[in-house]
Amino acid sequence: MSKEFKRTLITSALPYANGPVHIGHLAGVYVPADIYARYKRLKGEEVLFIGGSDEHGVPITIKAKAEGVTPQDIVDRYHNIIKDSFKELGITFDVYGRTTSETHRKTASDFFRKLYDKGEFIEKTSQQLYDAEANQFLADRYVTGTCPHCGNEHAYGDQCEACGTSLNATDLINPRSAITGNTPVLKETSHWYLPLDKWEPRLRQWILEDHKEWRSNVYGQCKSWLDMGLQPRAVSRDLDWGIPVPVEGAEGKVLYVWFDAPIGYISNTIDCVGDDWEKWWKDKDTRMIHFIGKDNIVFHCIVFPAMLMADGSYNLPDNVPANEFLNLEDNKISTSRNYAVWLHEYLQELPGRQDELRYVLTANAPETKDNNFTWGDYQQRVNSELVAILGNFINRAVVLTHKYFEGNVPAAGELLDVDKELIAEVEKLKNEMTEQLDAFRFRDALRTAMDMARAGNKYLQETEPWKVSKTDMARTATILNIALQTCANLAIAFEPFLPFMSEKLMKMLNVENLTWDKLGSFTLLPAGSKISEPVLLFEKVEDEVVVFQQEKLRKTVEQNKLAAWTPEPVKENVEYDDFAKVDIRVGKVLECSNVPKSKKLLEFKIDDGMEGRTILSGIAAYYKPEDLVGKEVCFIANFPPRKMMGRESMGMILSAVNADGSLTVIGPQGEVKPGATVG
């Protein structure tokens, strides 16, 4: 970055208010955005951090319809859940607004109208899918069908979640309306389009030439879109939920959510700073940074900038540090399948452990490629890094100060080489962190901050104040002064990442107003100042915490399997006479036992109303033998005897395969005499 800016405007992608946020959202957008905002504030710079809920769009109307409530009911519920969860995690938005606000409605309408009056839109008539029974056009997410690329039968009209391919609703094979389940028809409709092709030369120059410093994943995706050639993109939709298109003859049409939503950054800024908003959006001394996930790259790097270019009065973003996706226990996080670690549930189930989640998500951030979150890794990082390295060093320094100097910061005497080496190392690490944070390399910056704690532990191990104190208290004083000054430096270095720990540590050291320019200083704590008693900064994550969370995910997977279950196709027709040859009877289980050396087989002694018979059945994985004794079961009586594990089986017990893969033995509902036939 060559230009110096007076201020920084930070925006974070607006989450859909149709559900809570999960760790994928946090790792992709909100934790890195907050780290950067906190870092800039520590440097004393003028910063505005904008967030808010995206409250329009088809997913919200679908959820409202499914629950039998209004879209407003849905967004009111989830906006508050999301906003409260962010606050509890320590995400320091200057404003967290919403796109159903009156400010946003006016701002988005005025933005559209200005471009409309300038002639920046083209009006096009096209064939779109229409549900005759529902009497409405179907937006992308109101259409499901078979993906033409991978064959997934549950693809949406805008994207296949199985293979990730972007789609148009008309691409789907066997499309179905999500409203009625009917097959939609094509019908003409007119919409306004933003001609992205008009702005392609300027976008190409701005991205490919002026911003080669952007992350490779962002730059590469933008180049791919530009190389394919940009096409006009619709900015309106046939819906009844959204901001009405503010022109005559547009009844029943609203602004497309991807035109509407990014304007939310502007309207939320207006709600935050009032009439002063233009300096954040139009003053050339303001630098704008968009924090987003990779699925939003095209909208923030091509569509929204083209909108701003068409207006002509706005700044363009200077950087868009988009992250890739975070997987969960080697599987894709899925909102629709409830397969996620939800932030509001984490905060309820693991209270007071916000920093742990921030740490793990940053240490494992998917900055340039998809990454994976596991509860085992979470436990390992907390226990071996936060507890054993960072917490251990701070605790030792504070405890030893209370032990030898009654909690007073001792004065430093003559510095030896080992002391000077630590001071130089902290200064070096500060410079590395500054460079890494400026380049949005938050994972590296966190690792560097932890290296500072490692250096502190190494220093205590080498100087051994617990031994030196037996013969040289002056030297002990110097060692602990250096150790405490290092703790104060750690309070600064970790503040963007672990704000709750940093606040506790500053209170413990009785120090405040620690700013980034003071990082690297070893005069942060005056000699003779009092520090508080040590408090536990981190707790170990016990095995039962991990087991609980893993079991919770396992149950979700099982529930999803059940929900997705469909019956097997019906087999070919058979004549009744063929079926009539099968002799199905009722028998009572007299004895049941495992077959030695077999993991699958159970041996049944059946009262069949005649001479009795033995039947072997491969259901040992599903039943305990004793649970079947005394039950009435259906069996096929006229199969020829068959040898199994050296034993003769005279028939077959009937069972049904359940949706979860388990088996249920079939029997009569009421009491039936053994030997009765079934037909």
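Accessible area per residue for the chain is 46 Å², calculated with a 1.4 Å probe on protein heavy atoms, without ligands, DNA or RNA. Using the Cα coordinates of the chain, the gyration tensor eigenvalues translate into equivalent-ellipsoid semi-axes of 56, 43, 19 Å, sorted from longest to shortest.
Rounded to the nearest 10 degrees, the angle from helix 417-438 to the longest Cα principal axis of the chain is 60 degrees. For segment 518-589, the orientation-averaged shadow of the C-alpha convex hull comes to 15.1 nm² (one quarter of the hull surface). Once divided by 2.2 N^0.38 Å, the Cα radius of gyration of segment 342-401 becomes 1.33. Note on segment 36-107: percent of Cα-Cα distances in each 10 Å bin, starting at 0 and stopping at the bin with the largest distance, equals 18, 39, 29, 12, 3. Secondary structure note: in the chain, about 70% of the DSSP beta bridges are antiparallel. The modelled label-to-label distance between residue 624 and residue 197, using points 7 Å beyond Cα along the C-beta direction, is 7.2 nm.
Extending 7 Å from the Cα toward the beta-carbon at both residue 415 and residue 95 defines two label points whose distance is 4.6 nm. Rounded, prolate or oblate: which one fits segment 287-438, using the alpha carbon gyration tensor with axes a ≥ b ≥ c (rounded when a/c is under 1.5, else prolate when a/b beats b/c, else oblate)? The shape class here is oblate. A convex hull fitted to the Cα coordinates of segment 549-657 yields 152 cubic angstrom per residue. Dipole check for the chain: with +1 at the C-beta of Lys and Arg, -1 at the C-beta of Asp and Glu, and the Cα centre as origin, the magnitude is about 900 Debye. Relative to the Cα centre, the charge distribution of segment 253-357, modelled as +1 at Lys and Arg Cβ and -1 at Asp and Glu Cβ, gives a dipole magnitude of about 360 debye.
Peptides 12-24, 509-521, ordered by how many other C-beta atoms sit within 10 Å of their residues on average, highest first, read 12-24, 509-521. For segment 1-134, the fraction of C-alpha pairs more than 25 angstrom apart is 46%. Restricting the calculation to Cα atoms, every distinct pair contributes to the Kirkwood radius of segment 269-360, found to be 16.5 Å.
Whole-percent P(r), segment 196-238, all Cα pairs, 10 Å bins from 0: 26, 49, 20, 5.
Kindly express, to the nearest 10 degrees and within the range 0 to 90, the angle between helix 257-273's C-alpha long axis and the longest C-alpha principal axis of the chain. Roughly 40 degrees, rounded to the nearest 10.
For a straight C-alpha distance cut-off of 28 angstrom, the lysines reachable from residue 624 (same-chain residues fewer than eight places away being disregarded) are 552, 555, 561, 588, 597, 599, 600, 605, 643, 673.
Whole-Hz Karplus values for segment 654-668 come out as 8, 8, 10, 8, 7, 4, 8, x, 7, 10, 10, 5, 8, x, x Hz, taken residue by residue from phi with 6.51 cos²θ - 1.76 cosθ + 1.60 and θ = phi - 60°; glycine and proline positions read x. The alpha-carbon atoms of segment 106-146 define a convex hull whose volume equals 140 cubic angstrom per residue. For segment 204-316, the equivalent ellipsoid built from the Cα gyration tensor has semi-axes of 25, 21, 12 Å, listed from largest to smallest. When the Cα positions of 178, 214, 193 are compared along the charge dipole of segment 172-214, 178 comes out farthest toward the positive end, with charges on each C-beta of Lys, Arg, Asp and Glu.
Here is the tail figure for segment 448-576: Cα pairs spaced more than 21 Å apart come to 61 percent of all pairs. Taking 0.36 nm per residue of separation and subtracting the Cα-Cα distance, full extension of the segment from residue 540 to residue 7 would add 187.9 nm. For segment 317-367, taking the reciprocal of the average inverse distance between every pair of different Cα atoms yields a Kirkwood hydrodynamic radius of 12.8 Å. The shape of segment 133-197 comes out oblate: with a ≥ b ≥ c from the C-alpha gyration tensor, a/c is at least 1.5 while a/b does not beat b/c.
Of the peptides 409-421, 637-649, 170-182, 564-576, the order by per-residue mean of other Cβ atoms within 10 Å, starting with the highest, comes out as 170-182, 409-421, 637-649, 564-576.
Against the empirical curve 2.2 N^0.38 Å, the C-alpha radius of gyration of segment 634-679 lands at a ratio of 1.39.
Counting only residues at least eight positions apart within a chain, or on another chain, the lysines with an alpha carbon under 23 Å from that of residue 279 are 3, 6, 40, 43, 106, 114.
Per residue, the chain reaches -12000 deg cm²/dmol at 222 nm when only DSSP H runs of four or more residues are counted, each adding -39500 (n - 2.57).
Seen from residue 661, the other residues with C-beta closer than 13 Å to its C-beta sum to a net charge of -2, counting Lys and Arg as +1 and Asp and Glu as -1.
Dipole magnitude for segment 316-449: about 340 debye, using +1 per Lys or Arg Cβ and -1 per Asp or Glu Cβ, origin at the Cα centre.
Within the accessible surface of the chain, defined with a 1.4 Å probe on protein heavy atoms only, the carbon and sulfur portion equals 49 percent.
Here is the list for segment 179-214: trypsin sites (Lys or Arg not before Pro) lying in DSSP coil, each with at most 11 other C-beta atoms within 10 angstrom of its C-beta, are 212.
Placing dummy labels 7 Å off each Cα toward the beta-carbon, the span from residue 311 to residue 461 is 5.5 nm.
The values are calculated or read from the model by the stated rules, or taken from the named source; none is laboratory data. These figures come from a predicted structure and were not determined experimentally. Methodologically, a virtual Cβ is constructed for each residue, glycine included, from the backbone with ideal geometry; neighbour enumeration extends over all protein chains shown. These area figures cover heavy atoms from the full protein model, side chains too; ligands, DNA and RNA do not enter into them. Shrake-Rupley method; radii C 1.70, N 1.55, O 1.52, S 1.80 Å.
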